[in-house]
Amino acid sequence: MSSSKDEPVSRELLEQQARTWLVKLTSGEATDEDARAFKLWRARSAEHARVFDEMRGLWSALGPALREESASAPISSRRWGRRAFMGAAAASLGYVMLRPVMRGSGVPGFPTDYQTAVGEQTQVSVGDQATVALNTRTRMNLARTGGAPVLDLLAGEAEISSRASGAPLRVRAGGGLIEAGKARFNVRLHERAVWVTCLGERITVTCQGQSSPLIAGQQIRYDDAGLGHPRSVELEPVVAWRQRLLIFDNQLLSEVVAEVNRYRPGQIILMNDAIAARRVQARFSLDQLDAVVALIHDAYGAKVTELPGGVIVLT
């Protein structure tokens with residue numbers, strides 16, 4: 001779906017690419033990477049944006065007909081009709097649809113001890129050593145080294161209450177290590193970056209041979225570039241997910257949308273760069289995330305286009 005900016009692109013090719021993006025975005029399996037790639041494609045030229053809007057309008061116009069066909073069809077054939085429509089669209093482009101991306105679940109052949117699905121939260125006990133609350137789309141394994149438990153955070157976010165009185169509880173995440181005695185802390189792994197926040201007592205964070213202690217109210221970030229420096233943070237936004245809330249304090253609207261996308265199926269795609277750069281102070285319930293779309297529409301005048309599969313495009 002990419003083409004060189006230096007090469008002229010025919011109207012026919014643009015229409016094919018636009019229809020391909022519609023198939024992908026409405027598959028229900030669009031990822032953050034897909035959203036970024038689509039945004040770059042649409043921004044290549046005014047013609048790219050115009051052709052996509054035309055194809056989206058045609059898609060929307062077909063919606064009532066598809067719903068009517070589905071309602072009148074026998075129950076056993078309704079899902080086939082939807083799949084046939086999607087398959088025909090893909091086939092007309094000579095486009096082979098890939099298998100859905102695994103999101104928030106274990107990968108076949110690589111079992112995960114603890115995992116949560118989109119929007120799911122759960123709590124588990126690690127013997128008498130710790131209690132672990134898992135946020136949405138989180139995967140964690142449990143191992144033991146010399147009899148002491150070691151938690152491997154593979155993706156997502158967890159709040160850990162350690163009760164270790166002998167050897168410290170160890171948590172590995174994204175190339176780093178957290179060690180805790182009796183302490184409470186939050187660990188978030190996104191792509192290749194990790195944020196560790198001490199919520200109570202004291203912990204130690206190590207990455208690439210560097211170590212830093214953290215006390216309650218401090219947070220540190222590390223990634224492939226190494227370990228950052230501790231900083232003081234407000235704890236309420238960090239732990240708000242435990243009360244099924246999202247709290248944003250002077251954050252970019254693009255960051256708000258990215259965070260909300262972790263908790264809902266489908267995807268919210270924010271196409272308006274000016275709106276994306278606005279700063280936001282807001283509080284949302286995880287049970288009412290549609291309020292985010294309403295806020296962007298009402299407060300900033302964004303146009304809302306709803307597509308199948310839980311995809312919402314804001315322009």
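The values are calculated or read from the model by the stated rules, or taken from the named source; none is laboratory data. Source: prediction; values computed, not measured. A quick note on method: Cβ atoms are made from the backbone with ideal geometry, for glycine too, and the neighbour counts reach across all protein chains shown. Note: areas computed on protein heavy atoms with side chains; ligands, DNA, RNA excluded. Shrake-Rupley method; radii C 1.70, N 1.55, O 1.52, S 1.80 Å.
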*Expressed as a fraction of 2.2 N^0.38 Å, the rule-of-thumb size for a compact globular protein of N residues, what is the C-alpha radius of gyration of region 123-253?*
0.99
*Run the dipole for region 189-315 about the Cα centre, Lys and Arg Cβ at +1, Asp and Glu Cβ at -1, nothing else charged, and hand back the magnitude in debye, nearest 20.*
140 debye
_Just to be sure I understand the model, the point goes 7 Å from the Cα along the line to the Cβ. What's the resulting Tyr300 to Arg36 distance in nm?_
1.9 nm
*Between Thr315 and Glu236, what length in nm is gained on full extension when 0.36 nm per residue of separation is reduced by their alpha carbon distance?*
25.3 nm
*Once amide H atoms are built 1.01 Å from N in the peptide plane, which residues 5 or more positions from Gln251, or in another chain, come under 5 Å H to H?*
Val280
*If His297, His190, His48, His229 are ordered by their accessible area, calculated over protein heavy atoms with a 1.4 Å probe, which sequence runs from highest to lowest?*
His229, His297, His190, His48
*How far, in nm, would the chain grow between Glu47 and Ala117 when pulled straight, counting 0.36 nm per residue and subtracting the alpha carbon separation?*
21.4 nm
*Quick one: in region 172-315, what % of C-alpha pairs are over 27 Å apart?*
33 percent
*Taking region 252-315, which trypsin sites (Lys or Arg not before Pro) meet the DSSP loop condition and have no more than 12 other C-beta atoms within 10 Å?*
Lys303
*Three-way shape call for region 185-257 based on the alpha-carbon gyration tensor, with the a/c threshold at 1.5*: oblate
